[in-house]
Amino acid sequence: MHNDNKIAKAIFILGIIEMVAGIILGIFLGNEEVSGVYGSYNEFSWSLFVVCAISGLISGLLFIGFSEIINLLDKNGSVLKTLDKRVRHIEDEVKEKAL
């Protein structure tokens, strides 16, 4: 059973976008133009790529984790509502039998 919580879905999608954006940004920032004596050329900086990619992945995973927490809390809330209805029903039956 999977609850469809709109907020949790939105945060999950933002987490995926954050991870993809971190990797893409790392690729773009990793391409550096280096000026040399004989002209300029492009060089890829792995350190910039790794920093951007890892930070994007970590923040994206945090968003995904928050969305899962929201889903679990929503599920717990619906279970508590169901239990409350059952307890009230049992209380009503006990009161009727007592009379």
Exercise. Which of the lysines could be linked to Lys95 by a straight reach, that is with a Cα gap under 29 Å, when you skip same-chain ones fewer than 8 residues away?
Worked result: Lys81, Lys85
Seminar exercise, completed: Labelled set [x] 1.25; [y] 1.50; [z] 1.08; Rg/Rh (Cα atoms, Kirkwood Rh) computed from this model equals the value at [y]
For this session: Taking the chain as the reference, fit the longest principal axis to its C-alpha atoms, fit the long axis of helix 6-30 to the helix C-alpha atoms, and give the angle between the two in degrees, 0 to 90, nearest 10.
Result: 10
For this session: Distance between Cα centroids, region 65-92 to region 26-59: provide it in whole Å.
Result: 49
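What's the exposure ranking of Glu93, Glu18, going from fewest to most Cβ atoms within 10 Å?
Listing Glu93, Glu18 from fewest to most nearby Cβ atoms yields Glu93, Glu18.
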Problem set entry | Choice from Leu62, Leu83, Leu72 showing the highest fluctuation, given a GNM over the chain with Cα pairs closer than 10 Å | Leu83
Exercise. What list of ³J(HN,Hα) couplings, whole Hz, do you get for region 50-63 from phi and the Karplus terms 6.51, -1.76, 1.60, once you set θ to phi - 60° and write x for glycine and proline?
Worked result: 5, 4, 5, 5, 5, 5, x, 5, 5, 5, x, 5, 5, 4
Problem set entry | Fewest-first sequence of Lys81, Lys97 by Cβ atoms within 10 Å of each Cβ | Lys97, Lys81
Exercise. Lysines near Lys6 by alpha-carbon distance under 18 Å, same-chain residues fewer than 8 away left out - which ones?
Worked result: Lys75
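Taken together, the values in this text are just the output of simple stated rules run on the coordinates, not laboratory data. What you are looking at is a predicted structure, and each value in this text was computed from that prediction instead of being measured. Every residue, glycine among them, receives a Cβ derived from its backbone with ideal geometry; neighbour counts consider all protein chains shown.
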